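Okay, structure first, notes after.
The values are calculated or read from the model by the stated rules, or taken from the named source; none is laboratory data. Keep in mind that what you see is a predicted model, and the values were worked out from it rather than measured. Glycine also receives a Cβ, built like all others from the backbone with ideal geometry; neighbour counts cover every protein chain displayed.
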Amino acid sequence: MLSLLYFKSHSSTQSILHQIKYNHGKSLAIYMGQLMAHKWKASPHFEAFDGIIPVSLHNKKHFKRGYNQSLLLAQGLSEILEIPIYENVLIKRKHNSSQTKKSRAERIDNVAKVFQLQNEETIVHKHILLVDDVLTTGATLEACALLLKENVPGITLSIYTLAYAQ
């Protein structure tokens, strides 16, 4: 698991995330994805991936926001790392309430069984980079990773987020 930035209230990281998520910061999200890729390539632990899966948004939230910020981060990563994005594998089927003010236990309950797989045969025996904007308690990424690991033979997962909040 790797994150590019550390999230702290009233910080520049918070400003970047708010710009991306709430102020139509599409180009900023792609740029931050490119920075994530450059950091990954410069790491002594660099390894190649077969593809990227962004954490998906429910259609309702996607429609309201107009885009999926995790997909935009994945696009920036994909451009630099020259690997495909598997956008239609991990699908958020249920709309759940915002995680922002929930405890870890509430977040785990809130994301339980909201994700579904489709076209999973496209990622069998592949090393996949699971990408999201921010890791807070890990509930969303854990739900996604468990679903993938339990249902896709031979998958290897790595996780990369733009920011880590503790």
Single unsatisfied condition, S70 versus (1) touching a Gly at 6+ places or on another chain (Cβ under 8 Å); (2) at pLDDT 95 or above | (1)
Would you call I80 part of a helix (DSSP H, G or I), surrounded by 20 or more Cβ atoms within 10 Å (Cβ to Cβ) and not charged (D, E, K, R)?
-> no
Just need a number here: residues in the range 109-155 that are under 14 Å from the mean Cα position of the chain (by Cα) and in a loop (DSSP other than H, G, I, E, B).
-> 3
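Filter the range 50-70 down to the residues that are touching a strand residue (DSSP E or B) at 6+ places or on another chain (Cβ under 7 Å), over 19 Å from L147 (Cα atoms) and assigned to a helix (DSSP H, G or I) and list them by number.
Across the range 50-70, the qualifying residue is only Q69.
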Subset of the range 19-74 that is small (G, A, S) and more than 19 Å from K92 (Cβ to Cβ) - its residue that is surrounded by the most Cβ atoms within 10 Å (Cβ to Cβ) | G33
Working only within the range 1-38, note down all residues that are assigned to a helix (DSSP H, G or I), more than 15 Å from L135 (Cα to Cα), of a type in the set (S, T, Y) and at pLDDT below 95.
-> S12, S15, Y22
Within the group L147, L157, L135, which residue is at pLDDT below 95 and within 17 Å of G51 (Cβ to Cβ)?
-> L147
Name every residue in the range 40-90 that is free of Cβ contacts under 8 Å to residues at least 40 places away in the same chain and under 12 Å from the mean Cα position of the chain (by Cα), in order of residue number.
-> L57, N68, L71, I85, E87
